[in-house]
Each structure stands twice: as C-alpha cells, then as structure tokens.
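Here is the structure we will look at.
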Amino acid sequence: MSSSKESIPLKQLRKTPTGIAGFDEITGGGVPQGRPTLICGGPGSGKTLFGMEFLVRGARDFDEPGIFMSFEEKDNDLVENFTSLGFDIDGLVTQEKMAIDYVHIERSEILETGEFDLEGLFVRLGFAIDSVGAKRVVLDTIEALFSGFPNEGILRAEIRRLFRWLKDQGVTAVITCEQGKGTLTRHGLEEYVSDCVIFLDHRMIEQVATRRLRIIKYRGTSHGTNEYPFLIDEGGLYVLPITSVGLTHEAPTERIPSGVPRLDTMLGGEGYFRGSSILITGTAGTGKTSLAAHFASSVCSRGERCLYLAFEESESQIVRNMRSIGVDLKPWMDNGLLHFHATRPTLFGLEMHLVSMNKLVKDFKPAVVIMDPISNMVSVGSPAEVKSALMRFIDSLKMEGITTLFTCLISGQHQDLTEIGVSSLMDTWITVQDIESNGERNRGLYVIKSRGMAHSNQVREFVLSSDGVHLVDVYVGAGGVLTGAARLVQESKDRQFEKEREEEIERKKREFASRKLAVESQVSGLLAELSAQEKELEKIAHEEAERKIMAERELAELARQRCAD
Amino acid sequence: MALSGDNPLMGDEETAPEKHYELRLYVAGQTPKSMEAFANLKKICEEHLKGRYSIEVIDLIENPKLAKGDQILAIPTLVRKLPEPIRKIIGTLSDTERVLIGLDLRPRKS
C-alpha cells in the first residue's frame, strides 16, 4: 500500500541545515547536501566564521561530524579565535566530532620539476574524513594553493577534480574563496561550483559598516535574490531572513492590557490585541515614554517578558525618570523579565540594527517589544528605508505573536504626520497632544485608530502624577473642551452650582416640612372641635331620653292617683 | 627558508662531499608518475650522490597519516630531510637541472 515512492513524493534537492540562524530560512533548508558550496567574500567578511559555524553546529546540533581544512590559519589560532565565539572546538575535537587540519604551504620550500597532482591533499582529506566519519567538510581558503604552486593549469584541473571528488565522497562541503577585483573569486573558482554560490559582503555606507549576504546561485531551488543583512556577534553569524516574512501571521483575539486602566477602557474595554503593533505619537515631552513604561511594567507584572529597545535614553535614566511617576521598573529588570537594550541609532547601520534587534528577540523571547523612539532611526537611513526596515521587523514579530509598541516623536501640530510614515503599519495608533490654553500646557490623549475593536473617539486628559499616568475626562460643556486648570476651575464652578442647587432643594424640603407641620396641627384642632360638638350632641340626646322616661313615669303616677277604674 | 650565501656547505657538491642525504619520496600508489619520479630520483642520486644517500619511499595510500607530517599535498613529492633545511621538490623530477638545484647540488641562479 505505502510504497517507497510515496514517502518521497518529489525528487527534491536535499539540503543540509547549516544551523546558522536565519540562513537555513532564506535557503529553504541550508546548503545542498553532498555537494560543494562556495562562500566568497572580501577580507573580514565572515567566510571562515561561516565555515566554522557550519561545522560546529553540524557536529553539535545535527550529529554530523566535520573536517575543517585550513590553508590559512593554524589550528591553534582557529580554536582560540572561535572559542571566543562560544564554540567549544577543543571539546568537539576530543569527542572526535570534528577535526582541524592545517595545511601549510610555503612557496619557497617547493620546487616544481615535472608533472604532479594533488593526490596528497586528497589522501590527507580522505584520511581526515574517515577518521571522524565526516559528513561536512570546510576548505578555508582553497585559493591559498595558488600561491603555493606555480603551475596554475595543473592546479585548476586538480581543484576541479577535488570538487568532484568531494561530491563522490558524499560530504557536504563549504569552500571559502577570496573575492577578486570585479569577480566573485580571485581565481574564478565559482566556475567549478555549479550548485551553490554565496557571497558575503562587508561594506561601508556613510561610515557605517553593514554586512550583507547574497545567494549568487543555488541550483535546483528557489531562493531570494535580495541581499540579506547579517550580523557577527558573540554567538556567531545571524542572517536576517527578509523574504521568509510574509503576510501570513495569525491574528490572535487575546487582549493585553495597556497598563493604564482608563486607556483599556478607551480601547474597547480590554486593551490592545496581543501580537498587534501599537504606535504612540506625540510632540516632545508629551509622555510617550511614560505610556511605554506603564505598558512594560504591566507586562512584567503578569510574568511575561518585555524587551525595551531604547534609542534616546539610557537604561538607568529611564528607570530613574519612570520612578518619578511611580513606575518602578527595577524589580522587573532584577528578575530578568525586563531587558533593556539601549543603543544610539548611529552606532551602526539600519540593517544592522534590524539584525541585532531580531537577534535580541530571538534570544530573549519576549512577549512584548518596545522601541522608544523609532523617530530617531531616521538619523541612520532615509524615511523609506526606515519604513521598510520597520515593516520587516514588525512582520517578523507578528509572526511570533509578539506585541510591539513604538513611540514616535512628531513635530508640529499636524498630528497625522509621522516622519517615517509608519502609521499605516500600525494596528493601534494613540496620539498624545499638547493642548495649550489659558497660559498653560496640558496633554490630551486620543486613539486615532485601533483596528478590530470599538475604540473611544473621546479626547482624554492625560495627567502624569507621582502615582502614574491617569486619564481624566476633559470638561466638555458650554465653554468648549477644557483641560488642566481651566477644567478644574470649570469643574469647581460646576460643583458650586451643584451645591447651590442642593441647598435650594434642602431649603424647600424644610419649608415643606414646617408647612406640613402647620397643616397637621390645624387638622388636629378641627378634629378636636368636631369631637367636642359630638360629645355635646350626645349629652343633649341623653338628657332628652331621660326627660322622656321621667315624663312617662309622671303620667303613670297621675293615672294611678286618679284611680281610674 | 631563504638560503644564506655565507653557508659554506652549500652551493657546490664539491664543497660538501661528506654530507649524507636523507631523502623521502612520497607517492600515492604505483602510478606512472610515481614510478617515473622514483626512476628519475634513483638516476640523479646515483650520478651525484653515490654512496651518501638514502631514499625512503612512502606510499600515502598505505600510510595516509604521514601526509600531514611533512605537509604533503602534491604527488609525487621529494622531501630532503637531511641535510637541513628541509626542501621539497614536487613533480616527476624529470628536469634534472632543477632537481639538482632543489637538492642544493647546483648553485641557484638568482
């Protein structure tokens, strides 16, 4: 029933994962399995690191032992250099998961007489492969051979044979090559590798260094042709996958409170959507960072992680300033839920920021990322570049279901204009605006948009106090919308008026009570009179009855005395 | 490994008649190239180093480990272990003049 045919539905190119963060994503799985891959680039572009990381991760994460054949650096130097990147090469060598073979070529020691081939190299490499059962091989940098052997014709033929031989051995090979003038490699070796050629670039744009990776060719597979920015840091290479990001993210319905209860009320009663992007714009000093800090604090108080990328203030400055409005971020930093990363935007290029931010997100795995402010990014790129970089960042975070909050400084009174034009990327847009009147400046907050929820269209007064942010209803009345002192005055007037009305009612109540009393006493007087008359009437009736009896008795007595009969 | 001119033992076979030559020929299997190299070497040695040389032939197919020790890449490679410094001559050794130069049996033309 289930034949082996079904298990391999399509004869696809098999790939070997490099384990290099991001690289496997842009290549759809890594480098072609069992084939040589050429990595070319200028000096310091990260070729050797690429090769070494390919081996170390292969040995460590994929159980594929590897051989590093170095034509340039001595094995001791290699081990030392890469130990600083956290690669325990010595350990892997001891476990026989990896071997480093340093090939020393000294032109002055070699004299050529007659025909030769590089069988010695083959034997040596073959022996090394067998000694650890290698599945991966790195040759760094094979072109060093050209300086060691004078006969280029033989060398070319032998290198071509070497690549074929590597294929026959079934090992996945990474071969590094120095970039030539106007060519990919100095000696045109890209002609010999038909399967996969990757170019690493390290260039300066406006005194800012940016590393980029480009897939020149990758036979039999679809790949992005873009340049992918990458980063070299203490954990190795990190390639930012750009095209792996599509508009395919899930849209969670779960809500995440904003940290300001009243703001939650404005946002349909429950706060932001989890995984959405939130923009807080405002002119200078309107409290954008305060709102961000509230959010951060509320996130951490629920035991979730928050990454705070600060581009304007240092970590301690933010902590100190936020303490003044009653938001203490220190405990969250101490227990590791809040991670600050404060850099000047000009530290490195936009792409590098993007890569490093992505890396931070990947390492820290936050539930919420705050960027404060994004407007500063304009100093390292044009608005269009910043927009595209942010879009990619937001998209990649959305894919992970991470909620993002950005603050953005806007200048002038035109509220709808963010300098970078990112507002269209945002799901929720809150703006904090200065309201100047009666010689004072107050803050008004309103929700410009919030996709997918019934949000308030009201302006709320945004008050920063020593116990945090409060949103207060603005005074809306005959005198227009009032805030600050004017609102207080108006409110106190209102209260006065209210009091007067209440007193009036009180007075009327009292009047009524006394009147009621008076009426009641009148009523009781009349009743007393009535009852007196009633008694009088009863008395008369009684006397009349008695008189009648008396009269009858007298009549009877009279009759008896007359002796009638 | 630049040769320094003030070394009296170098330059001419006549100046160092007592020097013993320890030679090692690396091959990989019995290939025509290896055979040719060995034949050429034997001939040169018999002519120029009679009685004061030894040749060790190392087949890397049998002893792949040894390739690393002398940093052998090209096959065939002739290594002059003694007298020092170590010198390597690659190829079939068909160019006798160059071999003699490589073995310091002829002064080098600068």
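The values are calculated or read from the model by the stated rules, or taken from the named source; none is laboratory data. The model shown is predicted, which means the values in this text are computed figures rather than measured ones. Cβ placement follows ideal geometry from the backbone for every residue including glycine, while neighbour counts extend to all protein chains displayed.
Worth a mention:
- Residue match in segment A:496-519 (condition: in contact with a helix residue (DSSP H, G or I) (Cβ under 8 Å, 6 or more places away or on another chain) and either surrounded by 10 or more Cβ atoms within 10 Å (Cβ to Cβ) or closer than 30 Å to A:Glu461 by Cα (or both)): no
- When residues of segment B:17-30 are limited to those that are away from chain A (no Cβ under 13 Å) and in a strand (DSSP E or B), the one surrounded by the most Cβ atoms within 10 Å (Cβ to Cβ): B:Leu23
- In segment A:169-189, the residues that are touching an Asp or Glu at 6+ places or on another chain (Cβ under 9 Å) and either buried (at least 18 other Cβ atoms within 10 Å of the Cβ) or touching a residue at least 40 places away in the same chain (Cβ under 8 Å) (or both): A:Thr172, A:Val174, A:Ile175, A:Thr176, A:Cys177, A:Glu178, A:Gln179, A:Leu184, A:Thr185, A:Arg186, A:His187, A:Leu189
- Test for B:Leu60: is it crowded, with 18+ Cβ neighbours inside 10 Å, at the interface with another protein chain (Cβ under 8 Å from one of its Cβ atoms), among the aliphatic types (A, V, I, L, M) and closer than 15 Å to A:Leu111 by Cβ: no
- Restricting segment A:460-480 to residues that are closer than 24 Å to A:Met322 by Cα and in a loop (DSSP other than H, G, I, E, B), the residue that is nearest to the chain's Cα centre (by Cα): A:Asp467
- Any hit, segment A:481-489, residues being on the phi > 0 side of the Ramachandran plot and assigned to a helix (DSSP H, G or I): yes
- Scan of segment A:110-126 for residues that are crowded, with 22+ Cβ neighbours inside 10 Å, in contact (Cβ under 8 Å) with a residue 12 or more places away in the chain, within 7 Å of chain B (Cβ to nearest Cβ) and more than 17 Å from B:Arg87 (Cα to Cα), ordered by number: A:Leu118, A:Leu121, A:Arg124
- Answer residue from segment B:63-110, given it is of a type in the set (Ser, Thr, Tyr) and within 7 Å of chain A (Cβ to nearest Cβ) and is nearest to A:Ile129 (Cα to Cα) among those: B:Thr77
- Leading residue by the ranking (nearest to the other protein chains (Cβ to nearest Cβ)) among those in segment A:96-109 that are in contact with a helix residue (DSSP H, G or I) (Cβ under 8 Å, 6 or more places away or on another chain) and loosely packed, with under 15 Cβ neighbours inside 10 Å: A:Glu106
- Some residue of segment B:96-103 being touching a Phe, Trp or Tyr at 6+ places or on another chain (Cβ under 8 Å) and of a type outside the set (Lys, Arg): yes
- Candidate set: segment A:78-95, residues that are β-branched (Val, Ile, Thr) and free of Cβ contacts under 8 Å to residues at least 24 places away in the same chain; chosen: the one nearest to the other protein chains (Cβ to nearest Cβ): A:Val93
- Tally of residues being assigned to a strand (DSSP E or B) and touching a His at 6+ places or on another chain (Cβ under 7 Å) across segment A:357-394: 0
- Matching entry among A:Ile129, A:Ile154 (being within 12 Å of chain B (Cβ to nearest Cβ) and either farther than 26 Å from A:Lys97 by Cα or among the small types (Gly, Ala, Ser) (or both)): A:Ile154
- Residue, surrounded by the fewest Cβ atoms within 10 Å (Cβ to Cβ), within segment B:31-57, restricted to residues that are facing chain A (nearest Cβ under 9 Å), touching a Ser or Thr at 6+ places or on another chain (Cβ under 7 Å) and not small (Gly, Ala, Ser): B:Glu36
- Some residue of segment A:312-332 being in the same structural domain as A:Gly468 (by TED's automatic domain parsing), within 15 Å of the chain's Cα centre (by Cα) and not hydrophobic (A, V, I, L, M, F, W, C): no
- Filtered residues of segment A:430-457 (kept if part of a loop (DSSP other than H, G, I, E, B) and either outside the structural domain of A:Arg262 (by TED's automatic domain parsing) or under 25 Å from A:Gly275 (Cα atoms) (or both)): A:Arg451, A:Gly452, A:Met453, A:Ala454, A:His455, A:Ser456, A:Asn457
- Test: residue in segment A:66-77 that is in contact with a Lys or Arg (Cβ under 7 Å, 6 or more places away or on another chain), assigned by TED's automatic domain parsing to the domain that holds A:Thr141 and crowded, with 17+ Cβ neighbours inside 10 Å: yes
- If you go through segment A:169-201 and keep only what is farther than 30 Å from B:Ile89 by Cα, modelled with pLDDT of 85 or more and either more than 41 Å from the chain's Cα centre (by Cα) or within 14 Å of chain B (Cβ to nearest Cβ) (or both), you end up with just A:Gly170.
- Candidate set from segment A:202-226 (those that are part of a strand (DSSP E or B) and loosely packed, with under 14 Cβ neighbours inside 10 Å); member that is modelled with the highest pLDDT: A:Arg203
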